[in-house]
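Colleague: First the structure, then my questions, so here it is.
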Amino acid sequence: MSGKSWSGRSKHDLIIEVWEALDCESVGARELEQIQQALREKFGEGALESPASIARTVADEGAVLRHPEVFECDRKWREDLISGLPFESLSFSSFPEATESIRKLESWRRNFAEEGKQVELHRLQEFAMKTKQDLQLVAGSRVVEAKRRIEAVEIGQWLTIWMQNPALFDDWHSLRQRSAEFIEKFRD
């Protein structure tokens, strides 16, 4: 499939186009990696989608997923994405952990910016975007308890603010946690 000229103008269209060209009954690791390769070739490294995101897209179009392969492929891809940076020390499963994790991200971001380390800055952004996507999945899950879903939405908003304007995050975060809405929503 490498070297083929694809006509898809958006990532979504290209994902579907490549999947259809693969003409496969089910989608697993091999197919997801081929779709990722086509995305990389057409739109560049920064446009890459996670295997889980690609799997969702093709499943919405009717693909049958080989779920164990999809999960393992996504896990491996995320591991490779964060290798070299201590992302495993971060957690976004509670407000205190998310607060501390975003502060670590911001510290790393400042250091990388000062040192001109663009690849590491890109990895931080990628990690934050993927974490936000994971939080959105939790927020939309029917099997996760309601309290955790609401917290996932909130923490996803924190990541959005940090990605948009990292220098303002601490002040915004402090104001947010003292707001009447936050106190009412997360009283306990």
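The values are calculated or read from the model by the stated rules, or taken from the named source; none is laboratory data. This is a predicted model, so every value here is computed, not measured.
Colleague: Are any residues in the stretch 47-86 among the hydroxyl-bearing types (Ser, Thr, Tyr) and either modelled with pLDDT of 90 or more or within 15 Å of the chain's Cα centre (by Cα) (or both), and if so, which ones?
Modeller: Ser50, Ser53, Thr57
Colleague: Val138: part of a loop (DSSP other than H, G, I, E, B) and farther than 21 Å from Leu85 by Cα, yes or no?
Modeller: Numbers: part of a loop (DSSP other than H, G, I, E, B): no; farther than 21 Å from Leu85 by Cα: yes.
So Val138 fails the test.
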